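A.B. asks: Pasting a structure below so you can have a look.
The values are calculated or read from the model by the stated rules, or taken from the named source; none is laboratory data. Note that the structure is predicted; figures quoted are calculated from it, not measured. Positions of Cβ are backbone-derived with ideal geometry, glycine not excepted, and every protein chain shown enters the neighbour counts. Accessible surface is based on the protein model in full, side chains and every heavy atom, while ligands, DNA and RNA are left aside. Shrake-Rupley method; radii C 1.70, N 1.55, O 1.52, S 1.80 Å.
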Amino acid sequence: MAKANGLPILVVGGGIGGLAAAYALSRKGFPVRVLEQAPEFRELGAGIQLGPNIFRALDRIGLTESMLADAWRPEAQEMRDALTGELVTRIPLGDAFVARFNEPYAVTHRADIHGVFLRACQQSNLISLENNQRVDDIADDGETVTATLQSGEHAEGRALIGCDGMWSKTREKIVGDGPPRVSGHIAYRAVLRREEVPDDLWRPDVVLWAGPRTHFVHYPLRRGTLYNLVAVFHSDRYVEGWNAEADADELWAHFRGQRPEVLRLLERIETWRMWVLCDREPIKEWSKGRVTLLGDAAHPMLQYLAQGACMATEDAVWLAEKAAAQPDDLPAAFESYQLQRYLRTGQVQIMARVYGEFYHARGVAAELRKMMLGGRTPEQSYDGIAWLYDGM
Ligand SMILES: Cc1cc2nc3c(=O)[nH]c(=O)nc-3n(C[C@H](O)[C@H](O)[C@H](O)COP(=O)(O)OP(=O)(O)OC[C@H]3O[C@@H](n4cnc5c(N)ncnc54)[C@H](O)[C@@H]3O)c2cc1C
């Protein structure tokens, strides 16, 4: 046991979850080695919404202020009917929202949230950030964990956290429940510069245009200098991995007949990137001995509640707190961490699917959506999402 305690904790993957975990663990005094397969620590461009629950987690690791520095604070979330233009619901995100949840709502660039965690990690002398380090195999001998790297190196740690995303190798090894579920929904994403957006189309809010089997979201990013666009539609096309080449004709076929505000914004985009949206059924156990999972590796979810990165950050904070409470028994700490997290993350996985159905409703279901959401006061809207935003 004494030997293991002198070793670092191995973190597989240096995305948002991996870096958040490394930083949170370092604040509790654990040395960490982050093993990232890519040649550099980098996130590709697109927006991320940050609910008040992520700020509750960030408060606990002292990063709220830096996260807000480059973020945009939208005035409201708005849902409109993509065929009629009618307002379905508008939820104010200003003072009343902050008074209700004690935390703000913000939107940020993926590179910016990742950059906040990366800089925090770089400033810690307990964290070693390593690129070109693909983990090909792991073995837990009960006292230490060994990761076999692409280079042939055998990296030894006192424990290992798989933060290796949707197609996690670590999960394959310790859960072994096959590939993720392909949802049949595809997201096209693009980021424009502010000056590329016509003034009459630019809005300070998070706007969601709900259409039949489609939706389109836009909001400003990076202190208002950028504009994020996400178009989602149902399709059976399947390409594993994020950021594949997009096919603009397929997009146009799905959005034909929608409001001019939608079509004019879609027309501004020259290059889209495409994501095939996948998730998994929630599970109760994602730890085995000295190995555990975090973020998308543990509980991949559809993006409809905009919570994957928020959940990964919550995981990171809880994992570090549980590890600090039982530093000499990390397998027990990992059990305690997953017990803390599985119902919360499972609820988000399931509810994200429900929200997707709601966004893409047609016919009577779309009328019902209008009836259910249309008459709500802001306070009723806040109460409706409190299960998510009040938690952490
Ligand atoms: C269209 C879309 C919109 C979204 N919008 C939001 C939003 O608004 N708000 C929000 O909170 N979330 C959002 N999300 C979800 C969020 O992006 C993810 O949940 C989050 O990025 C997951 O982080 P992660 O660190 O767990 O995984 P990833 O970001 O996938 O990182 C995994 C890392 O592990 C590395 N890796 C993989 N395998 C290995 C290996 N064998 N060895 C070494 N390294 C490895 C990868 O290179 C990568 O760097 C969205 C997702 C999508 C697809």
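A.B. asks: Report the full-extension gain for the segment Leu83 to Gln123: residue separation times 0.36 nm, less the Cα-Cα distance, to one decimal in nm.
C.D. replies: Residue separation times 0.36 nm, minus the Cα-Cα distance, leaves 9.4 nm.
A.B. asks: Heavy atoms of the protein only, probe of 1.4 Å, neighbouring chains included. What is the accessible area of Asp249 in Å², nearest 10?
C.D. replies: We get 120 Å² for Asp249.
A.B. asks: Taking the Cα centroid of segment 332-392 and of segment 260-286, what is the distance between the two, rounded to the nearest whole Å?
C.D. replies: Comparing the Cα centres of segment 332-392 and segment 260-286, I get a distance of 19 Å.
A.B. asks: Here's another thing I want to ask about it. Suppose R0 equals 35 Å; then what is the FRET efficiency for Lys28 and Glu172 from their Cβ-Cβ distance, rounded to the nearest 0.05?
C.D. replies: The computed FRET efficiency comes out at 0.80.
A.B. asks: When the helix-only estimate is applied to the chain (DSSP H runs of n ≥ 4, each -39,500 (n - 2.57), divided by the residue count), what is the mean residue ellipticity at 222 nm, nearest 500 deg cm²/dmol?
C.D. replies: Calculated mean residue ellipticity at 222 nm is -11000 deg cm²/dmol.
A.B. asks: Give me the one-decimal nm value for the distance between modelled label points at Leu44 and Glu270, 7 Å along each residue's Cα-to-Cβ direction.
C.D. replies: With each label placed 7 Å out from Cα toward Cβ, I get 1.8 nm.
A.B. asks: Now, a different point. Angle, helix 16-27 long axis vs. longest principal axis of the chain, Cα atoms, 0 to 90°, nearest 10?
C.D. replies: 50
A.B. asks: In terms of Cα to Cα distance under 24 Å, which lysines are near enough to Lys284, apart from those fewer than 8 places away along the same chain?
C.D. replies: Once the sequence-local lysines are set aside, what remains near Lys284 is Lys169, Lys173, Lys322.
A.B. asks: Take the eigenvalues of the Cα gyration tensor for segment 1-108, scale each by 5, and report the square roots as semi-axes in whole Å, largest first.
C.D. replies: Equivalent ellipsoid of segment 1-108: 37, 18, 11 Å, largest first.
A.B. asks: Based on the alpha-carbon gyration tensor of the chain and its eigenvalue square roots a ≥ b ≥ c, which shape applies: rounded if a/c is under 1.5, prolate if not and a/b is larger than b/c, or oblate?
C.D. replies: It comes out prolate by the Cα gyration axes.
A.B. asks: In the Gaussian network model of the chain, springs joining C-alpha atoms below 10 Å, which of Ala106, Ala96, Ala57 carries the largest mean-square fluctuation?
C.D. replies: Ranking Ala106, Ala96, Ala57 by mean-square fluctuation puts Ala96 first.
A.B. asks: While we're looking at this one, here's another question. Taking a point 7 angstrom from the Cα of Thr225 along the C-beta vector, which residues in segment 42-78 have backbone N less than 14 Å away?
C.D. replies: 69-72
A.B. asks: Using Cα pairs closer than 8 Å and at least 6 residues apart in sequence, work out the relative contact order for segment 289-392, in percent.
C.D. replies: 28
A.B. asks: Still on this structure, I have one more. Decide, for segment 322-375, between rounded, prolate and oblate: order the square roots of the alpha carbon gyration tensor eigenvalues as a ≥ b ≥ c, take rounded if a/c falls under 1.5, and otherwise choose prolate if a/b is larger than b/c, else oblate.
C.D. replies: Judged from the Cα gyration tensor, segment 322-375 comes out prolate (a/c at least 1.5, a/b above b/c).
A.B. asks: Further, regarding this structure: Mind giving me the nanometre distance, one decimal, between the label points for Glu153 and Asn5, set 7 Å out from Cα along Cα→Cβ?
C.D. replies: 2.6
A.B. asks: With a ≥ b ≥ c taken as the square roots of the eigenvalues of the C-alpha gyration tensor of segment 118-242, please select rounded if a/c is under 1.5 and otherwise prolate if a/b is larger than b/c or oblate if it is not?
C.D. replies: oblate
A.B. asks: In percent, how large is the relative contact order of the chain, given Cα pairs closer than 8 Å and 6 or more residues apart?
C.D. replies: 23 percent.
A.B. asks: Sorted by accessible area (1.4 Å probe), largest first, how do Lys169, Lys288 line up?
C.D. replies: Lys288, Lys169
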